[in-house]
Each structure stands twice: as C-alpha cells, then as structure tokens.
Amino acid sequence: MTRIAVVEGDGIGHEVIPVARNVLELLHPEFEFFSVDVGYHRWEETGCPCADRDIAELKTSDAILFGAITTPPMKDYQSVVLRLRKALDLYANLRPVIGNGFDIMIVRENTEGLYSGIEELSPDRATTLRVVTRKGTERIVRSAIRLAQQRRGKLTIGHKANVLKSDVLFRDICLAEAKAAGVSCNDRFIDALALDILQHPASYDVIVTTNIFGDILSDMASYLVGGLGLVPSANIGDRYALFEPVHGSAPDIAGKNIANPIATLRSAGMLLAYFLDESGSDRIEAAVQSVLAQGIRTRDLGGSAGTREFGEAVLHILRQPDTGAVSL
Ligand code: NAI
Ligand code: MG
C-alpha cells in the first residue's frame, strides 16, 4: 500500500493541493492519502507550527505532497519547511525548468549552506553560518551526476568560489566527482550564471549549486517559462521524498481561487515518476498542455480561469480513457 501524506500548509496551498490530490486519486485509486496539518495557521492557533509527532507521522509516508508554508518575519520563528527538509534529510531539491527549446534541471543542495540554521542574533550584529561539508557536497553532486547521465550528460556547477572559501570546497569536490564519473562539466560564478541562464537557457542541462543559490536561481529561471505558477520540485533523500511547487504560500492571492495549480500538478507528476509511473507523470503533463491549448488559463498566464476550473478541466481530460498515446 502506497501511503501519501498530504500537507496543504498555508495560503494557496489550500487551493492548489486539492487539485493535485484529485488527480493522483484518479490515476492511483489504490494510493492511501492522509492529511498532516502543519503551518503558520497552526502556530496562530496553538503556538506550535509543527510538532514532533507531525514529523513522526510524515515519516510513516512513502511520499509527501506539500503545498507551501508561510514563514512570518519574526525573530524567533523557525521555518517549518527548512525543519522538514532537515528532519527528513531531503538533501536533493530537484527543480526542472522546461520550455521552448530548453530543459534545465536545477539541483539545489537542501540541508546546509547558508540555510544551516546556525545563527546568532544580538541587537547590533547578526550572523548566519554558511556550512559546506564534504559529505553534503558529495551526495548532492552524485545526485546531479546521475541525473546528467540519464539526460544530456552535461553538468554545470554554480558557485561563488572567488569570494567564499566554502564554495572553493564545494566547487572542487563537484569537479573531482564529475571527472571521476566521466561527465562533461563546467563551472560558473553564480551571478554570471544567473544572467547566462536567462540569455542562453538551451545551453544548460543539469545545474548543481548550494542551497540559497539554488533557491534564487529557480525562482529566477521560472521567468523563462511564465512564472512561479509553473515550476515544480522534488525534495529527495535516501528514505523520504517530498513534492512541492517552487512557489510559496502567496498570501497576496490566497483564498481568491486564482492561483495557478500547474506547478503543483507537475509536482504530483514528479511524485508519480518517483514511483516509476512515468506514464502517469506524462499523462498529467499532457493534460495540462491540452487544457492550456484550449485557452483555459489562470490569471498569471493572462487568462480568467479559476484554480478549481483549471483543475476540473485537467480531470475531465484524464477521465477519458487512456489510449496509451502521449501527445506532448
Ligand atoms: P510566493 O512564491 O508565495 O509568491 C511570489 C509571487 O508569485 C506573489 O506575487 C504570488 O502571488 C505569485 N505566485 C506564487 N505562486 C503562484 C501561483 N501558483 N499562481 C499565481 N501566482 C503565484 O513568495 P513570497 O511572496 O516571497 O512568499 C510568501 C510566503 O511563502 C512567505 O511566508 C514565504 O516564507 C513562504 N514561502 C514558502 C515556501 C515553501 O513552503 N516551500 C517557498 C517560498 C516561500
Ligand atoms: Mg524559494
């Protein structure tokens, strides 16, 4: 029995997650779903956004479908998403950005770097420790190398080794691992890389980088495909896996039925691919494409369809018998 934990979280998580869940329930009626309620709203109600027993429950799942969680700008509030990524050791954050003539996979280290959580605050000085370890770098670059080998065989390392000693370590380990694996590899400073991705997206295959750089790069790269409503992600560790849109809880549009559910639908597609159901994943993408081709779009893509209407249109297509033909 495949057990899927569902975390709607906050904001538009309550709108986009039901759309993706409906699709998974349709394609895999044998999956068992259970909800885990964590997030900022829980903190407002109980003073605790995510309890140890919530994490224990998530650990009983085979995969987690995750919306987004609000992190308020309060001094003592610890980000739930960061806590989960660490607690479940979801070290590889995979963020595919696919558009006309390009197919980029951003592989973001997800457990250390500048998001180490090691911080000190005093009224006049604040420090955050940027941690890069050999173990953390080896496992992320090995994930990136495996992906490159399954794809077009090209790896790019994004770093700032000209300034940060921690990135000298990151870059050198990545270069050595790529060389040992026989994968074609180049490295770029992250700032120059950011511009070049926008100018020449077709020249990239797999990009591996540290935590915060991958965070920023993926939001930026979403510009190439129509914005944050479109880019999915998988957070993969050795034991657990969590699938979520790249975007956050979008409080500015929450509760209005206007959020684009495509990023979350594609995250559900990545979940199916994780269980080796490539055909289910392809069917979700094909359905999304044909709904878009019908002119049904949410507001961020210039349309007027609601989140629910878009989801219904996708379900309608998926309910038609699967002929086995994938029209991508
Ligand atoms: P955001 O990604 O939530 O929103 C940025 C902009 O993109 C907003 O204008 C929003 O309306 C738009 N947008 C995002 N998703 C969209 C969608 N599906 N359809 C249409 N428009 C969409 O980032 P922001 O505003 O920086 O953060 C809001 C909250 O989300 C914060 O509390 C932040 O900490 C949290 N967050 C949580 C994440 C997670 O749970 N993994 C990731 C990123 C942010
Ligand atoms: Mg982000």
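The values are calculated or read from the model by the stated rules, or taken from the named source; none is laboratory data. It should be emphasised that the depicted structure is a prediction, and the values quoted were computed from it without experimental measurement. When we count neighbours, we look across all protein chains shown, and the Cβ atoms used for this are built from the backbone with ideal geometry, even at glycine. Ligands, DNA and RNA are stripped out before the accessible areas are found, and what is left, the full protein with its side chains, is counted by its heavy atoms. Shrake-Rupley method; radii C 1.70, N 1.55, O 1.52, S 1.80 Å.
For this structure, a couple of remarks:
- Estimated FRET transfer efficiency (Asp252, Asp172; beta-carbon r; R0 41 Å; 0.05): 0.45
- Distance (nanometres) between label positions extended 7 Å along Cα→Cβ at Ala51 and Ala180: 4.4
- Spatially proximal lysines relative to Lys154 (Cα-Cα < 16 Å; intrachain offsets below 8 disregarded): Lys179
- Candidates Leu224, Leu129, Leu318, ranked by Gaussian network fluctuation over the chain, Cα under 10 Å, top entry: Leu129
- MRE, 222 nm, helices only [DSSP H, n ≥ 4, -39500 (n - 2.57), over the chain, to nearest 500]: -12500 deg cm²/dmol
- Cβ-defined net charge surrounding Gly67, 12 Å radius [Lys, Arg +1; Asp, Glu -1]: -4
- Between Asp76 and Lys135, the contour length at 0.36 nm per residue exceeds the alpha carbon distance by 18.3 nm.
- The alpha-carbon of Lys256 sits under 17 angstrom from the alpha-carbons of these aspartates and glutamates, leaving out residues fewer than 8 places away in its chain: Glu8, Asp10, Glu15, Asp300, Glu309, Glu312.
- Bridge type composition, region 93-226 - antiparallel percent by DSSP, nearest 5: 45
- A Förster distance of 51 Å, applied to the separation of the beta-carbon atoms of Asp62 and Asp191, puts the FRET efficiency at 0.85.
- Solvent-accessible area, 1.4 Å probe, carbon plus sulfur percent, for region 93-226: 55
- Largest mean-square fluctuation among His247, His200, His14, in a Gaussian network model of the chain whose springs join Cα atoms under 10 Å apart, belongs to His200.
- Per-residue extension of 0.36 nm, minus the Cα-Cα distance of His200 and Ile216, leaves a gain of 4.0 nm for this segment.
- For the chain: relative contact order, % (alpha-carbon pairs under 8 angstrom, 6 or more apart): 21
- Given charges at beta-carbon only (K, R positive; D, E negative), |dipole| of region 93-226 in Debye: 500
- Sequence-separation-based contact order of region 182-328, relative, with Cα cut under 8 Å and 6+ spacing, percent: 17
- Heavy-atom accessible surface of region 93-226, averaged per residue, reaches 47 Å², computed with a 1.4 Å probe.
- Using a Förster distance of 30 Å, the FRET efficiency for Arg319-Ser35 (Cβ separation, nearest 0.05): 0.80
- Neighbour net charge for Tyr77 - beta-carbon separation under 15 angstrom, K R +1, D E -1: -2
- Counted over the chain, the DSSP beta bridges are approximately 45% antiparallel.
- The chain, dipole about Cα centre (Lys/Arg Cβ +1, Asp/Glu Cβ -1), debye to the nearest 20: 820
- Cross-link partners of Lys135 among lysines (Cα-Cα below 16 Å; sequence separation of 8 or more within a chain): Lys86
- Spin-label model, Phe275 to Glu312: label points 7 Å out along the Cα-to-beta-carbon direction sit 2.7 nm apart.
- Using the Cβ of Asp252 as centre and a radius below 14 Å, the other residues enclosed give a net charge of -1, where K and R count +1 and D and E count -1.
- Kirkwood Rh (inverse of mean 1/r, distinct Cα pairs), the chain, angstrom: 20.4
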